[in-house]
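Take a look at the structure set out below.
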């Protein structure tokens, strides 16, 4: 990957300091419901810490939840690094974040396949070169894979899901951990995108369900291993956020009893608000696990 115009960079090509960046600055759009000020009761001690100059990496930023979270983080004042396989999709996300300006948060794009260790290393090298540090990784890239009866699922189908959802998440978390451990001041936060499938499976989803259960183990290990270095890790389990990947929820999806039924969905922006809250906490506090779901979807009492 070489240097490209309009904010797209690769490792060692993202030069410049946070204070004097090249033409990659973008002003943040308005975001209803995102407030970094004093809480409703007006108590000064409840003020959310400033995020000015803090840097976030969002994987899977080209669509869906990743795009919504990138928008919300930029609106809250974070510098945002957009990572994903499709350069054109990242460009569209960057466009949605608003017009460029010298006063807004920086937004750069680093096309990255999270299943490839060299590309993950290049992503985080670009972050260090451009900003000098990393404060947040939203470890979001994932795939449902092919829905099929267990005995018909091919090895390649299984491996494709494991490569993205588990190995890719590990590679990104490892690279972020290394960066956060080595920087001064030390520390940062990793938020893993789990799923309600980390708790209860859907029919014909063994690869996806297994990787999301594994994500919980990844989160717990990262939390423990990060303690000496002020690296916090939490997991957000999401149910039925309305994205292109979940379009079948509204039209009909197989239930545990064999029926096909439409399910309620919620806006991806509602997930993004939760990520912004988790990310804005001081490193002395952590949301270890959180669930955000469409209120009436079949999860409590699923089956």
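The values are calculated or read from the model by the stated rules, or taken from the named source; none is laboratory data. Small disclaimer: the values here were computed from a predicted structure and weren't measured. Positions of Cβ are generated from backbone atoms using ideal geometry, with glycine treated the same way; all protein chains shown enter the neighbour counts.
Quick notes on this structure:
- Residue within segment 182-198 that is in a strand (DSSP E or B), out of contact with any strand residue (DSSP E or B) (no Cβ under 6 Å at 6 or more places or on another chain) and farther than 17 Å from residue 140 by Cα present: no
- For segment 199-224, filtered to residues that are more than 20 Å from residue 173 (Cβ to Cβ), buried (at least 16 other Cβ atoms within 10 Å of the Cβ) and touching a strand residue (DSSP E or B) at 6+ places or on another chain (Cβ under 8 Å), the residue that is modelled with the lowest pLDDT is 204.
- Residue count, segment 97-121 (criterion: in a helix (DSSP H, G or I), in contact (Cβ under 8 Å) with a residue 40 or more places away in the chain and surrounded by fewer than 22 Cβ atoms within 10 Å (Cβ to Cβ)): 3
- Here residue 155 fulfils each of the conditions (1) surrounded by fewer than 22 Cβ atoms within 10 Å (Cβ to Cβ); (2) touching a residue at least 12 places away in the same chain (Cβ under 8 Å); (3) farther than 20 Å from residue 65 by Cβ apart from (2).
- Test for residue 137: is it modelled with pLDDT of 95 or more and within 14 Å of the chain's Cα centre (by Cα): yes
- Annotation: of all residues in segment 228-281 being at pLDDT 90 or above and over 16 Å from the mean Cα position of the chain (by Cα), the one that is farthest from residue 76 (Cα to Cα) is 228.
- Cβ-Cβ contacts under 6 Å between residues 6 or more apart (or on different chains), taken from a first residue in segment 190-207 that is free of Cβ contacts under 8 Å to residues at least 60 places away in the same chain to a second residue that is assigned to a loop (DSSP other than H, G, I, E, B), are listed as 204/147; 204/148; 204/149.
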